[in-house]
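See below for the structure under consideration.
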Amino acid sequence: MASIGDFDPLHANIPATKVEISVSCRNLLDRDTFSKSDPLCVLYLQGVGNKEWREYGRTEAIDNTLNPDFVRKFLLDYFFEERQNLRFDLYDVDSKSSNLSEHDFLGQVFSTLGEIVGSQGSRLEKPLVGIPGKKCGAIILTAEELNNCHEIVMMQFCANKLDKKDFFGKSDPFLVFFRSNEDGTFTICHKTEVVKNTLNPVWQAFTIPVRALCNGDFDRTIKVEVYDWERDGSHDFIGEFTTNYRELSRGQSQFNVYEVLNPKKKAKKKKYINSGTVTLLSFVVETESTFLDYIRGGTQINFTVAIDFTASNGHPAQPTSLHYMNPYQLNTYAMALKAVGEIIQDYDSDKMFPALGFGAKLPPDGRISHEFALNGNPHNPYCQGIEGVMEAYYQSLKSVQLYGPTNFAPVINHVARYAASVKDGSQYFILLIITDGVISDMAQTKESIVNAACLPMSIIIVGVGPAEFNAMEELDGDEIRISSRGRYAERDIVQFVPFRDYVDRTGNHVLSMARLAKDVLAEIPEQFLSYMKARGIKPSPAPPPYTPPGYPLQTQL
């Protein structure tokens, strides 16, 4: 049973958030001679690697209207860390045929799920395009997170008279919880701490999302196994019992005292009764606010990028340089910046991003700077969109001299100053540092990260090039929480990845970038929520649904 010890609750496969997309249109083209169009909307999703569009679903067709509010919704899995490209095509239905080429095209719109979710009130209005010289009207897309199971449950258990498994002492028991799957298999979903040297342990209370425990099905079997911990990982099986969410929700009662049974012992011994009992001491349910609740309530994500301009990158004019400006393809700095930035920009309403550089000599006097504006304007380092950041990066390469050393603390402190001024949950800051190498100011950087951990911010570090990045692993507090001068970071806010781990073997840069973004952004919602929870900040209520003046509220049939 050594695999029990490998369980990592942070990376357990919890079902994704489901988002429902509602579609309305206004002022569609009229393609019918004697009546109005009979519109239908078709949703396409784009594959990551091959970029092919495939049909995902269709709304119903509504007769005789240019302002449809479609009843049939689109249900999508939502991942913050992925760029989920969507295309909505509108058709005027002219016959019963399901073949779209037999119907009149009314226009289309391209979007991402992040763009819809990140819009104010998760409501996005865009003009339809696709018919040259014609105004095709507008589409209104509204995203709503399905409120299936956002509860988290806090439970506490104790046990009595467990079997003694250790020769010289008593057992060191712990519990392992499994939820059952549709196919009869079990998936591990929680493991308690080990209580040493007792047959009557009281475990600490723990919290777990209800969806992780039973995926929203209150009658689904939950299996609990009891083990005696062994240092070498070969934990001894004491016994097991089964229950379900509905039973547990009765709380402390005679129904929630479970006999721990060991099937092998039961088969061997006629007088075998049980291997002890486990009792539920408490059961409390609370509703958990989700990342999307905050985004719908108006929380803005602010994105800052900091780029390493130290000499170890190589001269930008040389093809071997990590900063080489190849006219035909992006260098690794540009790839990392574009991959992460294009996803985060959907959650920032003004699309203005500060872009900084460090480790260069600046014109005109050659002073060394570890916190300079890529656009050359120290009073306003903001660039318009990710394209603006890319442009400023390329311009900087032509004007500054790569130098050194590699200091992170100044750019971390730069973003921390902004984050410290808005701690009310209305804004959250993400700093992307792209670097080629060995950090020079480790002690100062650790101090900066420990200070920043109590602010609404996260730091993503992408290592480019062939260097050893051992020091960076220390900054990423996944294994050991980072500390400075005896103070530990309040929460883990750093995610480090080497870009070389994501390079696609076939040379498909689109795939490399998608993989990189998926990994570095996957922890952000959890880090975001850890800040909000620690500060007791609840999401603001979402603004009421917008109804254009002059349009009735009811759905048109």
Neighbourhood net charge (11 Å Cβ-Cβ; Lys/Arg +1, Asp/Glu -1) for Val19: -1
Residues with amide H under 5 Å of His190's amide H, sequence separation 5 or more or different chain, H placed in the peptide plane at 1.01 Å from N; which? Phe177
Rounding to the nearest 20 debye, state how big the charge dipole of the chain is about its Cα centre with +1 on each Lys and Arg Cβ and -1 on each Asp and Glu Cβ. 1200 debye
Chain lengthening between Ser253 and Asp166 when straightened (0.36 nm per residue, less Cα-Cα): 28.2 nm
Can you work out the Karplus-derived ³J(HN,Hα) for every residue in segment 165-172? Use 6.51 cos²θ - 1.76 cosθ + 1.60 with θ = phi - 60°, whole Hz, and x for glycine or proline. 10, 8, 5, 9, x, 7, 7, 10
Students often get this wrong: which residues of segment 336-358 have the backbone nitrogen under 18 Å from the point 7 angstrom along Cα-to-C-beta of Ser421? 349-356
Quote to one decimal, in nm, the extra length available between Phe34 and Asp232 on full extension: 0.36 nm per residue of separation minus the C-alpha distance between them. 63.2 nm
Which number do you get for Rg(Cα) / (2.2 N^0.38 Å) in segment 373-528? 1.07
Positive-end residue, the chain charge dipole about Cα centroid, Cβ charges, pick of Ile461, Phe79, Val153: Val153
What distance in nm separates the simple spin-label points at Thr277 and Glu20, each placed 7 Å from Cα in the Cβ direction? 4.5 nm
Leaving out ligands, DNA and RNA, and with a 1.4 Å probe, what % of the accessible surface on the chain is carbon or sulfur? 51 percent
Among [x] -0.28, -0.70, -0.99; [y] -0.22, -0.58, -0.92; [z] -0.27, -0.64, -0.91, which is the computed log10 I(q)/I(0) by the Debye sum over Cα atoms at q = 0.05, 0.08, 0.10 Å⁻¹? [x]
Among 491-502, 325-336, what's the highest-first ranking by average C-beta atoms within 10 angstrom per residue? 491-502, 325-336
Could you go through segment 82-97 in sequence order and give the Karplus-derived ³J(HN,Hα) for each residue, using 6.51 cos²θ - 1.76 cosθ + 1.60 with θ = phi - 60°, rounded to whole Hz, and x for Gly and Pro? 10, 8, 9, 6, 10, 9, 10, 10, 10, 10, 9, 6, 10, 7, 7, 5
At a Cα cut-off below 25 Å, give the lysines reachable from Lys170, other chains included and same-chain residues fewer than 8 away excluded. Lys161, Lys191, Lys196, Lys223, Lys264, Lys265, Lys266, Lys268, Lys269, Lys270, Lys271
Each label sits 7 Å from Cα toward the beta-carbon; between Ala443 and Lys223 the label points are separated, in nm, by 5.4 nm
Just to verify a number: FRET efficiency for Asn200 and Glu468, C-beta to C-beta distance, R0 = 41 Å, to 0.05? 0.25
For segment 132-222, which GluC sites (Glu not before Pro) are both in a DSSP coil and crowded by at most 16 other Cβ atoms within 10 Å? Glu182, Glu193
Per residue value of the accessible surface for the chain (all protein chains in place, 1.4 Å probe), Å²: 48 Å²
How large is ³J(HN,Hα) for each residue in segment 279-284, as worked out from phi by the Karplus curve 6.51 cos²θ - 1.76 cosθ + 1.60 (θ = phi - 60°), to whole Hz, x for Gly and Pro? 10, 7, 8, 7, 8, 10
Evaluate the distance, in nm, between pseudo-label points positioned 7 Å from the Cα of Asn99 and of Cys158 along their respective Cα→Cβ axes. 7.4 nm
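What is the calculated FRET efficiency for Glu526 to Glu391, with r their C-beta to C-beta distance and R₀ = 30 Å, to the nearest 0.05?
0.35
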Dipole of segment 274-354 [Lys/Arg +1, Asp/Glu -1 at C-beta], most positive-end residue of Asn331, Thr290, Pro316: Pro316
Local electrostatic count at Gly57 - Lys and Arg +1, Asp and Glu -1, tallied over other residues with Cβ under 15 Å: +1
Residues with amide H under 5 Å from that of Phe283, placed H, sequence gap 5 or more: Gln252
Could you order peptides 427-434, 71-78 by the average number of other Cβ atoms within 10 Å of their residues, highest first? 427-434, 71-78
Along the Cα-to-Cβ line of Lys269, 7 Å from the Cα, sits a label point; which residues in segment 209-240 have backbone N less than 18 Å from it? 226-228, 236-240
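Write out the trypsin sites (Lys or Arg not before Pro) in segment 86-140 meeting two conditions: DSSP loop, and at most 11 other Cβ atoms within 10 Å of their Cβ.
In loop regions of segment 86-140 (DSSP not H, G, I, E or B), the sparsely surrounded trypsin sites (Lys or Arg not before Pro) are Lys96.
The values are calculated or read from the model by the stated rules, or taken from the named source; none is laboratory data. Model, not experiment: these values are computed from the prediction. Because the Cβ atoms are built from the backbone with ideal geometry, glycine has one as well, and the counts that use them run over all protein chains shown. With ligands, DNA and RNA removed, areas are computed over all heavy atoms of the protein, side chains included. Shrake-Rupley method; radii C 1.70, N 1.55, O 1.52, S 1.80 Å.
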